[in-house]
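Following: one structure in structure tokens, then a few remarks.
Quick note: the coordinates plus some simple rules give every number you see, no bench work behind them. Just so it is clear, the structure is predicted and the values come from calculations on it, not from any experiment. Cβ placement follows ideal geometry from the backbone for every residue including glycine, while neighbour counts extend to all protein chains displayed.
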Amino acid sequence: MGRQAGAGAVTDGRVPGVERYGQPPVQWRRHVRGADLAAVAEVRRALRELLRHWGEPVAADVAELLTSELLTNALIHTEHGAVLTVTLTPAAVRVEVRDFAPALPTPHAPTDDDGTHGRGLVLVQALADAWGVLAHGVGKVVWFELSGGAPAA
């Protein structure tokens with residue numbers, strides 16, 4: 001189900017479905033301080049509220065899970081916090097997590113020794129309709145997209 005950028009994924013920052021439905025996207029942004037892991041639960045609650053009337057409940061649940069994985073990764077592996085941007089259209093949701101560390105993440109198959117760590121990008125790869133990493137000045141943006149909003153007209 002998941003695709004990485006370069007494998008047919010949207011990489012230009014546009015959310016699919018905007019032109020088809022003729023409605024402007026809704027965008028929500030949140031700045032999270034470095035090491036503020038308590039903010040992950042707050043972000044999940046706010047995202048759940050934002051997605052409450054959007055699309056299929058399963059897609060909203062997946063968006064919530066993948067958002068918390070990417071945000072947690074950014075907070076654990078960087079020192080300067082993160083900026084979360086959610087763009088919502090009737091057809092799709094795009095979530096971007098920008099951090100300020102230059103190292104690009106790569107998914108790896110976790111081992112038993114990893115405990116509960118090392119599964120975030122593997123989940124994104126498996127569950128997102130599209131995902132990728134974009135270098136962004138100082139740092140990067142890790143993003144994913146999910147369809148599951150309004151049915152195609």
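Can you tell me the length gained on complete extension of the stretch residue 122 to residue 79, counting 0.36 nm per residue apart and subtracting the Cα distance?
Full-extension gain reported as 13.2 nm.
Sorted by average packing, counted as other Cβ atoms within 10 angstrom per residue and highest first, what order do 128-136, 25-33 take?
Descending mean neighbour count gives 128-136, 25-33.
Could you give me the percent of Cα pairs per 10 Å distance bin for the stretch 21-111, shortest bin first, beginning at zero and ending with the bin that holds the maximum distance?
16, 47, 29, 8, 0
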